[in-house]
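Some notes on the structure that comes next.
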Amino acid sequence: DTEVTQTPKHLVMGMTNKKSLKCEQHMGHRAMYWYKQKAKKPPELMFVYSYEKLSINESVPSRFSPECPNSSLLNLHLHALQPEDSALYLCASSPVQSRMRSNNEQFFGPGTRLTVL
Amino acid sequence: QQQVKQSPQSLIVQKGGISIINCAYENTAFDYFPWYQQFPGKGPALLIAIRPDVSEKKEGRFTISFNKSAKQFSLHIMDSQPGDSATYFCAASPKAAGNKLTFGGGTRVLVKP
C-alpha cells in the first residue's frame, strides 16, 4: 500500500460546528503532516508529527487541533472555524522526520475540500 | 531567506514541445529540492528530486538542472503531452529543519494538442 487516504473528500460546516478530518497511511512512515492549500497557492505547512509526537506547529490558531492516535493515523479536529479557513487540507507522510536528513520524500493524500459557511 | 521564487506563473506549450520552469532560492542551507505535480482536485505528487551534489537528474521525460553557485534549479519537461497539463511546484528543504518543505509559488502548465 503506497497511498495516503483522507476522509471525507468534501466537508461543509458552519462556524459553530465541530468536525474532524482523518488521514491514514500504511507505508510504515513515522512522520505525518497537515497542510492547508488555498486556490492557486502552494501548500502551507500547519503541523508535523514525528513518531506520534507533535514536532512542528506553524503558529496555527487553536481552532485547529491535531491528533496522532498511532503511527498510521492523523486527525485534525476543527472547531469554531471562520469562512477564511475554507481550503483544501492535505495530509502527507514521509519515512522519518529528522534534523540530520532532509531527503525524505513526502507522499500527499488527495485532500479534504473544506467549506466554512 | 526561506523563500523559493518560481517562474513563470503560467506556461502554454504545444504538444511535443519543451516546458521549462525555473526556481531560485536564497537559503544556502537548503539541501533537498523536490518537484511536485498537482492536478485539479488532487494532492501534490512527487515528480523528481535532486540534491546539490548533482548538477542534473533525469527521469523519463523530466529533467532537473541544478546550479549551486547561482542558487537556481529548473524542471524541463521534454516532449510535453496534454496529460502533463497541471500545476508544478518546486520546493526546498534545509537539513537543519528536517523535512520542512518551502514551496515555490507554482506554475500552471497547459499543453495544447
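Residue count for the stretch A:36-46 under the criterion of being within 11 Å of another protein chain (Cβ to nearest Cβ) and farther than 17 Å from B:Pro40 by Cβ: the result is 2.
Screening A:Val12 against (1) part of a strand (DSSP E or B); (2) in contact (Cβ under 8 Å) with a residue 24 or more places away in the chain; (3) within 11 Å of another protein chain (Cβ to nearest Cβ) leaves a single unmet condition, (3).
Every condition in (1) at pLDDT below 95; (2) under 27 Å from B:Cys90 (Cβ atoms) holds for A:Gln37 except the one numbered (1).
All conditions in (1) surrounded by 14 or more Cβ atoms within 10 Å (Cβ to Cβ); (2) under 13 Å from the mean Cα position of the chain (by Cα) hold for B:Phe30, with the sole exception of (2). Among the conditions (1) assigned to a strand (DSSP E or B); (2) without any contact (Cβ under 8 Å) to a residue 40 or more places away in the chain; (3) of a type outside the set (D, E, K, R), B:Gln6 misses just one, which is (2). Consider A:Ser93 carefully, then state whether it is more than 12 Å from chain B (Cβ to nearest Cβ) and of a type in the set (Gly, Ala, Ser). Answer is no for this residue. Condition check for B:Phe33 on (1) at pLDDT below 95; (2) in contact with a Pro (Cβ under 6 Å, 6 or more places away or on another chain): one failure, at (2). Look at A:Leu81 and say whether it is crowded, with 18+ Cβ neighbours inside 10 Å, aliphatic (A, V, I, L, M) and over 14 Å from the mean Cα position of the chain (by Cα). Yes; evaluated as a whole, the condition is true for this residue. Within the stretch A:13-53, being surrounded by 13 or more Cβ atoms within 10 Å (Cβ to Cβ) and among the β-branched types (Val, Ile, Thr) holds for one residue alone: A:Val48. Answer yes if at least one residue in the stretch A:61-71 is touching a Gly at 6+ places or on another chain (Cβ under 8 Å), over 30 Å from B:Pro52 (Cα atoms) and among the hydrophobic types (A, V, I, L, M, F, W, C), and no otherwise. Looking for residues that are touching a Gly at 6+ places or on another chain (Cβ under 8 Å), over 30 Å from B:Pro52 (Cα atoms) and among the hydrophobic types (A, V, I, L, M, F, W, C), one finds none in the stretch A:61-71, hence no.
Looking at the stretch B:36-100, the strands (runs of 3 or more DSSP E) lying wholly inside it that each contain 3 or more residues that are buried (at least 17 other Cβ atoms within 10 Å of the Cβ) sit at B:45-50, B:62-67, B:72-77, B:86-94. All of (1) within 27 Å of B:Gln6 (Cα to Cα); (2) without any contact (Cβ under 8 Å) to a residue 12 or more places away in the chain; (3) more than 14 Å from every other protein chain (Cβ to nearest Cβ) hold for A:Asn57 with one exception: (3). Residues in the stretch B:101-113 that are within 14 Å of chain A (Cβ to nearest Cβ) and crowded, with 20+ Cβ neighbours inside 10 Å were compared, and the one that is nearest to B:Ala29 (Cα to Cα) is B:Leu101.
The conditions of being in contact (Cβ under 8 Å) with a residue 24 or more places away in the chain, surrounded by 14 or more Cβ atoms within 10 Å (Cβ to Cβ) and not in a strand (DSSP E or B) are not met by B:Gly16.
Hey, can you tell me all the residues within the stretch A:42-98 that are in a strand (DSSP E or B) and among the hydroxyl-bearing types (Ser, Thr, Tyr)?
Let us first name the residues in the stretch A:42-98 that are in a strand (DSSP E or B), namely A:44-50, A:53-57, A:64-70, A:73-79, A:87-94.
Within the stretch A:42-98, A:Tyr49, A:Ser50, A:Ser55, A:Ser65, A:Tyr89, A:Ser93, A:Ser94 qualify.
The values are calculated or read from the model by the stated rules, or taken from the named source; none is laboratory data. Just so you know, these numbers come straight off a predicted model, no measurement behind them. Virtual Cβ from ideal backbone geometry, glycine too; neighbours counted across all protein chains shown.
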